[in-house]
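J.: Got a structure here, written out as structure tokens. Questions coming.
The values are calculated or read from the model by the stated rules, or taken from the named source; none is laboratory data. In this text the structure is predicted, and so the values were computed from the model without any measurement. As a convention, Cβ positions derive from the backbone with ideal geometry for all residues, glycine included, and neighbour counts pool all protein chains shown.
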There are 2 protein chains.
Amino acid sequence: MSPAPTSDAPGDLRVWAPAGLPEVVPGDDLVALLVGLLRDDAAAHPDRALRDGDILVVTSKIVSKAEGRVVAADDREQAITDETVRVVATREHAGGVTRIVENRLGLVMAAAGVDASNTPVGTVLLLPLDPDASARALRAGVGAACGVRIGVLVTDTAGRPWRDGVTDITIGAAGVRVLEDLRGAHDTQGRPLTMTVTAVGDEVAAAAELVKGKASGRPVAVVRGLASHVLDDDGPGARTLVRLGAQDMFSQGSAEAYAQGWKDALDRPQDAPDR
Amino acid sequence: MSPAPTSDAPGDLRVWAPAGLPEVVPGDDLVALLVGLLRDDAAAHPDRALRDGDILVVTSKIVSKAEGRVVAADDREQAITDETVRVVATREHAGGVTRIVENRLGLVMAAAGVDASNTPVGTVLLLPLDPDASARALRAGVGAACGVRIGVLVTDTAGRPWRDGVTDITIGAAGVRVLEDLRGAHDTQGRPLTMTVTAVGDEVAAAAELVKGKASGRPVAVVRGLASHVLDDDGPGARTLVRLGAQDMFSQGSAEAYAQGWKDALDRPQDAPDR
């Protein structure tokens, strides 16, 4: 037996990315592949055997591959159009036009999340049809095979306004409290906390990305130490991390909104905005 | 001796938040406080003693407190105005008006990052004057006292467009490659990677927040397992994570940009926008 892992100390988080997942192809049984990966990893590192309260973080790309969400690369622009609910902003550059859009999952992403790296040559990948459902299926399947109560997150990579570089976010979730609502909690001075809803799902996605990396061939990570965020049931799903509609102060790029205002001023001057 | 920590396995990340930091007050020697905290923590958990390649993640709040960045709560609105370089968007709500602004650090944040929780009663906290300089001082001081080459990140909490919940981001950095540039790298199929610059600094901030929490009185975390991102010198600083100016497609809220377009159409119709 290995010694009791030091990571069980309170406030201690461990994140690792098992190596050795084979290339996933359409039709693969992703549960079986993940169970095999985790068993092989635990054979080499006994303290890594999956436990109650662990969170399995799975890059959406392998979910998409297993689910056959593959289209020919020649159809990439059409695929982006098909995945788009609403164009938020566009930018011309040397290589063409980048479209920042809201896709059918409520995610605002460049190219609608249609991905052209780490995909079979000649193809691009669409995001899973229903990543929350994918997460639920993985949670049920891996949990049952390993006899543990785990959480599952399906993640993707996205840019952010005002910040350079991309980070991973959670687009599918099962059994994880993706938002921690601290409203009603108090600070160390006894006053109500501000900034009171934490996007735990996105923070776990980011932590997992640090060990998975983009070029490493390790699309899966296990996060241990957040059992308090792991639920008995499937929970609310990652869709609750989406904030659009009336709460969205950035529903259009600035240039797009400006141009729309200009056009409307000329077309229907009777409808002047409030401000 | 404790056993060799399992966290040294490749691809393994450990994050912990030492307990027991006293309340920080203006004029405190933060280096001395942190060194004491880390030594006490290592006495209880020998495997946690700081090592080369560890990253120390420090909530900006305690940096601000030590640096005396405290103003009377009655002056909060004026403090926000003083910290503001540019108003990006405003929103009226029951409690008043939320101002999303670019502050003098290039951070786009609600209330310019002026914080009213976990501060002495009757006061609010401003962000550190120069968080990169604060990080450099902590890196030099803690590194020298502990005889290790570490990285230091100073973090704060921010909202994001289109996503519910807040996450921690890095606003000060020393000795950490906060952006990992994978341009030129290739995927497992041998093709150039897209999404090629990863905001490692923000992902580490997010991982650290998961163990620090908001109400726990643990404003410091140690991240082990990212030595490849820890530099020999102070490195580029967190300012490089800021992307504003010509690259910023969301320099104004949609409503603000729309209203500006409307106004300009009537005031100077000769200057019609390109689109």
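J.: Name the residues in segment A:234-254 that are among the hydrophobic types (A, V, I, L, M, F, W, C), part of a helix (DSSP H, G or I) and within 8 Å of chain B (Cβ to nearest Cβ), would you?
T.: A:LEU241
J.: Just need a number here: residues in segment A:3-18 that are at the interface with chain B (Cβ under 7 Å from one of its Cβ atoms) and either at pLDDT 50 or above or in a loop (DSSP other than H, G, I, E, B) (or both). Spell out the reasoning first.
T.: Taking segment A:3-18 as the starting set, the residues that turn out to be at the interface with chain B (Cβ under 7 Å from one of its Cβ atoms) are A:3, A:5-7, A:9, A:11-17.
In the following step, the residues that additionally are either at pLDDT 50 or above or in a loop (DSSP other than H, G, I, E, B) (or both) were identified as A:3, A:5, A:9, A:11-17.
Final tally of qualifying residues: 10.
J.: Can you tell me which residue within segment A:134-149, out of those that are within 17 Å of A:THR59 (Cβ to Cβ) and of a type in the set (A, V, I, L, M, F, W, C), is farthest from the chain's Cα centre (by Cα)?
T.: Here the answer is A:VAL142.
J.: Does A:VAL178 meet the test of being more than 7 Å from chain B (Cβ to nearest Cβ), modelled with pLDDT under 95 and either under 29 Å from B:LEU125 (Cβ atoms) or assigned to a strand (DSSP E or B) (or both)? Even if it seems obvious, please write down each step before you answer.
T.: On the way: more than 7 Å from chain B (Cβ to nearest Cβ): yes; modelled with pLDDT under 95: no; either under 29 Å from B:LEU125 (Cβ atoms) or assigned to a strand (DSSP E or B) (or both): yes.
Here the answer is no, as A:VAL178 does not meet what is asked.
J.: Of a type in the set (Ser, Thr, Tyr), more than 7 Å from chain A (Cβ to nearest Cβ), in contact (Cβ under 8 Å) with a residue 60 or more places away in the chain and assigned to a loop (DSSP other than H, G, I, E, B): is that true of B:SER216 in this structure?
T.: So B:SER216 passes the test.
J.: Just checking, how many residues over segment B:159-178 are in contact (Cβ under 8 Å) with a residue 24 or more places away in the chain, closer than 25 Å to A:ASP181 by Cβ and either in contact with an Asp or Glu (Cβ under 8 Å, 6 or more places away or on another chain) or surrounded by 24 or more Cβ atoms within 10 Å (Cβ to Cβ) (or both)? Steps first, please.
T.: Just the residues of segment B:159-178 that are in contact (Cβ under 8 Å) with a residue 24 or more places away in the chain, to begin with: B:159, B:161, B:167-178.
From what's left, closer than 25 Å to A:ASP181 by Cβ: B:159, B:161, B:167-171.
Okay, now just the ones that are also either in contact with an Asp or Glu (Cβ under 8 Å, 6 or more places away or on another chain) or surrounded by 24 or more Cβ atoms within 10 Å (Cβ to Cβ) (or both), so B:161, B:167-171.
Of the residues in segment B:159-178, 6 are in contact (Cβ under 8 Å) with a residue 24 or more places away in the chain, closer than 25 Å to A:ASP181 by Cβ and either in contact with an Asp or Glu (Cβ under 8 Å, 6 or more places away or on another chain) or surrounded by 24 or more Cβ atoms within 10 Å (Cβ to Cβ) (or both).
J.: Out of B:VAL57, B:VAL88, which single residue is in contact with an Asp or Glu (Cβ under 9 Å, 6 or more places away or on another chain), farther than 26 Å from B:PRO22 by Cβ and not acidic (Asp, Glu)? Lay out the reasoning, then the answer.
T.: Details: B:VAL57 fails: farther than 26 Å from B:PRO22 by Cβ.
None of the other options fit; the residue is B:VAL88.
J.: Among the listed residues B:ARG86, B:ARG104, B:ARG136, B:ARG99, which satisfies the condition of being basic (Lys, Arg), surrounded by fewer than 22 Cβ atoms within 10 Å (Cβ to Cβ) and over 20 Å from B:LEU241 (Cβ atoms)?
T.: That would be B:ARG99, the only listed residue that is basic (Lys, Arg), surrounded by fewer than 22 Cβ atoms within 10 Å (Cβ to Cβ) and over 20 Å from B:LEU241 (Cβ atoms).
Yes/no matrix, rows are residues, columns are (1) within 12 Å of chain B (Cβ to nearest Cβ); (2) free of Cβ contacts under 8 Å to residues at least 12 places away in the same chain; (3) in a strand (DSSP E or B); (4) not basic (Lys, Arg):
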| residue | (1), (2), (3), (4) |
| --- | --- |
| A:THR98 | yes, no, yes, yes |
| A:GLU102 | yes, no, yes, yes |
| A:LEU105 | yes, no, no, yes |
| A:THR119 | yes, no, no, yes |
| A:VAL124 | yes, no, yes, yes |
| A:ARG136 | no, no, no, no |
| A:ARG139 | no, no, no, no |
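J.: Could you grab me the full set of residues in segment A:23-66 that are among the acidic types (Asp, Glu) and more than 12 Å from chain B (Cβ to nearest Cβ)? Spell out how you get there, then give the answer.
T.: In the first step, residues of segment A:23-66 are kept if they are among the acidic types (Asp, Glu); the result is A:23, A:28-29, A:40-41, A:47, A:52, A:54.
Once the filter is applied, which keeps residues that are among the acidic types (Asp, Glu) and more than 12 Å from chain B (Cβ to nearest Cβ), segment A:23-66 yields A:ASP28, A:ASP29, A:ASP40, A:ASP52, A:ASP54.
J.: So A:ASP202 passes all but one of these: (1) modelled with pLDDT under 95; (2) within 7 Å of chain B (Cβ to nearest Cβ). Which condition number does it fail?
T.: Looking at each condition in turn, A:ASP202 falls short on (1).
J.: Of the residues in segment A:158-175, how many are touching a Pro at 6+ places or on another chain (Cβ under 6 Å) and either of a type in the set (Ser, Thr, Tyr) or within 10 Å of chain B (Cβ to nearest Cβ) (or both)?
T.: 1
J.: Another question, then. Report yes if B:ASP28 is in a loop (DSSP other than H, G, I, E, B) and over 15 Å from B:LEU125 (Cα atoms), otherwise no.
T.: yes
J.: Got a sec? Which of A:VAL197, A:VAL166 is modelled with pLDDT of 95 or more and among the β-branched types (Val, Ile, Thr)?
T.: On the way: A:VAL197 fails: modelled with pLDDT of 95 or more.
On inspection, the qualifying residue turns out to be A:VAL166.
J.: Further question on the same structure: Identify all residues within segment B:255-275 that are within 7 Å of another protein chain (Cβ to nearest Cβ) and without any contact (Cβ under 8 Å) to a residue 24 or more places away in the chain; write none if there are none.
T.: Within segment B:255-275, B:ALA257, B:TYR258, B:ALA259, B:GLN260, B:GLY261, B:TRP262, B:ASP264, B:ALA265, B:LEU266, B:ALA272, B:PRO273, B:ARG275 qualify.
J.: Would you pick out the residues in segment A:120-133 that are more than 14 Å from the chain's Cα centre (by Cα) and crowded, with 21+ Cβ neighbours inside 10 Å?
T.: A:VAL124, A:LEU125
J.: Follow-up. Which condition from (1) under 12 Å from the mean Cα position of the chain (by Cα); (2) small (Gly, Ala, Ser); (3) farther than 19 Å from B:GLN78 by Cβ is the one that B:GLY165 breaks?
T.: B:GLY165 satisfies every listed condition except (1).
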